[in-house]
Amino acid sequence: MVAKLNRTVLITGGAGYIGSHTCKQLAAHGYSPVVYDSLSNGHREAVQWGPLEVGDLGDENRLLAVMQQYQPQAVIHFAALIEAGESVIHPGKFFRNNIVNSLVLLEVMKACNVNRLIFSSTASVYGNPLKKYIDESHPLNPINPYGISKRTVEEMIDAFGKAHGFRYVCLRYFNASGADPDGQIGEDHVPETHLIPSIFRAITGKMNHFTLFGNDYDTPDGTCVRDYVHVNDLALAHILSLDSLFNEKNTSSVYNVGNGQGFSVQEVLDTVERVIGRTISVKMGQRRAGDPGYLVADASRIIRELAWKPQFTQLDEIVRTAWLWEQKKWSH
């Protein structure tokens, strides 16, 4: 284990869902997270483990000033627009925010001689899967502008690695889910489009019903199958990746981060009803543009190389932590 005292890390988008959970684990592992977030989608109250610097990622001067003030030894880059369906409707918005702003970050890092980077990527870079379990060698053929933007940033980071000596880890998430088991932080998007919290909104009457987007996919029950990985397990993947970058012997890498098992939307609905003990009002809708039917990870590389191991492997566990947070969130 490498020494981690006085390790300052800049977290772009650290006031968001995965970013805030990662900050909590960074602090627990001896790192000093500094959050840089515009708060356009993140939440000030989610920043509890280090300073918050409010700024837009595209504001080069502001970002440069923050980088010079704190002199981080690494960056974890979460800041991005993430809704695949919206990216189909507004591709330019996604390209500007996800690609152009990431280039600003890379240029500022280069100017400040910060050469360690962890990038929050996505399984959407793969597009429609050619096999049941997707490993990192699967062709990159995204089917929506969101996935295209993430693939492009991965390529930009690799180019900076070759040209400027950047060392990086790109983490391709599958479906982030669940919440901090202590109930301190959790998922809170506006509007909320992620599956489990959307189901909760229907259960608690904050939406009239839950809309099921398509039941005619080539899957066992006709609904989309996804790999749900707990947000704490995702956060741990960042800690292990950061440790690897501080070990100068290790090279840049790309890793899938997923449970390695798939659950259909209908299975998630059934699990929520069982765990919560309430019935969900479901309305059938059309398929969403850009949604592949099946996405399940082969995460054997990160398990083998970084000794990462998911702690929340059962859907029931993931739902329980998410429900704990949901109750606390709405009680306020």
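Read the figures in this text as sums done on the coordinates, not as results from a lab. Here the structure is a predicted model, which is why all the values come from computation and not from measurement. Note: ideal-geometry Cβ built from the backbone for every residue, glycine included; neighbour counts use all protein chains shown.
Give a quick list of trypsin sites (Lys or Arg not before Pro) in the range 114-210 that DSSP marks as loop, anything other than H, G, I, E or B, with at most 14 other Cβ atoms within 10 Å.
Here the trypsin sites (Lys or Arg not before Pro) that fit, given the DSSP loop and packing criteria, are LYS131, LYS132, LYS206.
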Legend entry - Relative contact order, percent, the chain [alpha-carbon distance under 8 Å, six or more residues apart]: 19 percent
Inset, instruction - Would you please give the FRET efficiency between MET156 and ARG274, computed as 1/(1 + (r/R0)^6) with r the Cβ-Cβ distance and R0 = 41 Å, to the nearest 0.05? - result: 0.40
Inset, instruction - Could you work out the local net charge near HIS164, counting Lys and Arg as +1, Asp and Glu as -1, over the other residues with Cβ closer than 13 Å to its Cβ? - result: +2
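Is the range 1-122 best put as rounded, prolate or oblate by its Cα gyration tensor, with a ≥ b ≥ c the root eigenvalues, rounded for a/c under 1.5, and otherwise prolate when a/b is larger than b/c, oblate when not? Present the calculation step by step, with values, prior to reporting the outcome.
Values: a/c = 1.82, a/b = 1.41, b/c = 1.30.
Prolate shape, in that a/c is at least 1.5 and a/b is the bigger ratio.
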Legend entry - Packing-based order for 8-16, 180-188, using average beta carbon neighbours within 10 Å, highest first: 8-16, 180-188
Legend entry - Dipole magnitude (debye, nearest 20) for the chain, charges at Cβ of Lys, Arg, Asp, Glu: 300 debye
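Relative contact order for the range 35-174 using alpha-carbon pairs under 8 Å, separation at least 6, rounded to a whole percent? All intermediate terms of the calculation are to be shown ahead of the outcome.
Values: 200 pairs, mean separation 35.0, N = 140.
Taking the mean separation of contacting Cα pairs over the length of the range 35-174, I get 25 percent.
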Legend entry - Cα-derived Rg over Rh, computed across the range 97-230 with Rh taken as Kirkwood radius: 1.03
Legend entry - Inter-site label distance for ALA307 and VAL282 at 7 Å from Cα along Cβ, in nm: 4.2 nm
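First check a/c for the range 114-185, with a ≥ b ≥ c the square roots of the eigenvalues of its C-alpha gyration tensor; if it is under 1.5, answer rounded, and if not, answer prolate when a/b is larger than b/c or oblate otherwise.
Numbers: a/c = 2.17, a/b = 1.12, b/c = 1.94.
Judged from the Cα gyration tensor, the range 114-185 comes out oblate (a/c at least 1.5, b/c at or above a/b).
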Inset, instruction - Would you calculate, for the chain, the mean residue ellipticity at 222 nm contributed by helices, counting each DSSP H stretch of 4 or more residues as -39,500 (n - 2.57) and dividing by all residues, to the nearest 500? - result: -11500 deg cm²/dmol
Legend entry - Under-5 Å amide H pairs with TYR36, H placed in peptide plane, nonlocal only: ILE11, THR12, GLY13, GLY14, GLU53
Inset, instruction - Project the alpha carbons of the chain onto their principal axes and report the range along each, largest first, in whole Å. - result: 54, 44, 39
Legend entry - Residue (of PRO33, ASN247, ALA46) at the positive-pole extreme of the chain, dipole from beta-carbon charges: ASN247
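Could you please report the charge total around CYS224, scoring K, R as +1 and D, E as -1 over all other residues with beta-carbon less than 14 angstrom from its beta-carbon? Display every interim value, and only then the final one.
Values: positive: ARG226, ARG287, ARG288; negative: ASP216, ASP218, ASP221, ASP227, GLU267, ASP291.
So the environment of CYS224 carries a net charge of -3.
What's the local net charge at SER264, with K and R +1, D and E -1, over the other residues with C-beta under 11 Å away?
Numbers: positive: ARG226; negative: ASP221, GLU267, ASP270.
Once positives and negatives cancel, what remains is -2.
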Legend entry - In sequence order, calculated HN-Hα J values of the range 130-142 (Karplus, 6.51, -1.76, 1.60; Hz; x Gly/Pro): 9, 8, 5, 10, 8, 9, 5, 8, 4, x, 8, 9, x
Inset, instruction - Among DSSP beta bridges lying fully in the range 198-295, give the percent that are antiparallel, nearest 5. - result: 25 percent
Inset, instruction - Highest first, please rank the peptides 279-287, 49-57 by the mean number of other Cβ atoms sitting within 10 Å of their residues. - result: 49-57, 279-287
Legend entry - Highest-MSF residue in the chain out of VAL319, VAL34, VAL88 [GNM, Cα springs under 10 Å]: VAL88
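I need the Kirkwood Rh of the range 175-332: take the reciprocal of the average 1/r across all distinct C-alpha pairs and report it in angstrom.
On the way: mean 1/r = 0.0594 Å⁻¹.
Kirkwood radius, the range 175-332: 16.8 Å.
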